[in-house]
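Nothing in this text is a laboratory measurement; each read-out follows from the coordinates by a stated rule. Values in this document were obtained by computation on a predicted structure and should not be read as measured data. Counting neighbours? That spans all protein chains shown, and the Cβs are built from the backbone with ideal geometry, glycine included.
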Amino acid sequence: MRGAVMDDRNVIWRGPRVHTWAEFSRVVKRPGRRLLARIDSFSRPILIAGCQRSGTTAVARLVSSADGMGDFRFGDDDELDAALILAGQVETAARGRLAFQTTYLNDRFREYFEHDDFRLVWVVREPLSVVRSMLHHWRRAALNRLYVACGAPAVPRAGNMRARTPRSLFPPSRLEKACASYVGKVGQTFELVERLAPERMIVVDYDELVLHKEALLPAVFEFLDLPYRPELGGLLHARSVNKGRLLPAAQAAYVEETCRNVYERAREARLRAREAAA
């Protein structure tokens, strides 16, 4: 281990400094290393996760703005900061209850089952908007990492999605990678709902949340045992709702064919989880 170094945001590095997700994958996300190794060091942490490009960052920042919440951020990427802290790559002196975005777990999502003193907000979102965002607002390397972790293993169970082998004449297109990644990541909803107690997890639909803030946000904050102030709803906006309609017709048809079923099943799981918690 390199010498511990504290920077001006009050964190201590317990290993090589990591500034990008590519470095995180190479340095931290190694076989046998637990990505949630330090989660039990925090009192009643809140975790926000779901498929990438589904609004998890907005929800995490909203929750972090509640009264009594602490601020652990020290870099330019909230989620990367959270990943480094929870894996033990850095040590934080942040006080108060903390909300960590944990979408990065991907194929390591079963680490949730090794801990029990947390609340998880799992965000789902309709596939047209998510896939469009992956294609138009995400770097190729980020999509490739998600595809390797969650997308490629999901291809055999993704409806009419064409399975490919290393000998295929053409590699998967970005659209195929995005859809497979969506199916694989959203498909984690079912095991999470089955294995986590209702008091540990709540499933929310992002578009539903932003369109009906007045009714739904108080319930989410009650689940998290946080005080809710109506002005917090102003941190969520509906400008991105229905952006999926901007996809070309052929792409939209492929998304619907491959992704719609897993989304609808995730919404049903959301309702079952809500009933179990009642």
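Summary of values
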item	result
Those residues of the range 32-69 which are farther than 20 Å from Tyr112 by Cα, of a type in the set (A, V, I, L, M, F, W, C) and in contact with a His (Cβ under 9 Å, 6 or more places away or on another chain), in sequence order	Ala58
Output for the range 41-53, where each listed residue is among the small types (Gly, Ala, Ser) and touching a residue at least 12 places away in the same chain (Cβ under 8 Å)	Ser43, Ala49, Gly50
Phe113 under 14 Å from the mean Cα position of the chain (by Cα) and on the phi < 0 side of the Ramachandran plot	no
Selection count, the range 184-235, where residues are part of a loop (DSSP other than H, G, I, E, B) and within 25 Å of Val131 (Cα to Cα)	2
Checking Gln89 against (1) within 30 Å of Leu128 (Cβ to Cβ); (2) of a type in the set (S, T, N, Q); (3) in contact (Cβ under 8 Å) with a residue 40 or more places away in the chain, the condition it does not meet	(1)
Residues of the range 226-250 classified as more than 30 Å from Pro45 (Cα to Cα) and more than 24 Å from the chain's Cα centre (by Cα), total	3
Within the range 180-207, considering residues that are aromatic (Phe, Trp, Tyr) and within 21 Å of Val241 (Cβ to Cβ), the one surrounded by the fewest Cβ atoms within 10 Å (Cβ to Cβ)	Tyr206
Candidates Thr56, Thr20, filtered to the one that is surrounded by fewer than 15 Cβ atoms within 10 Å (Cβ to Cβ), closer than 26 Å to Met134 by Cβ and in contact (Cβ under 8 Å) with a residue 60 or more places away in the chain	Thr20
Neighbours by Cβ (under 6 Å, 6+ apart or cross-chain): first from the range 170-187, within 16 Å of Glu256 (Cβ to Cβ); second polar (S, T, N, Q)	Leu175/Gln251; Cys179/Thr258
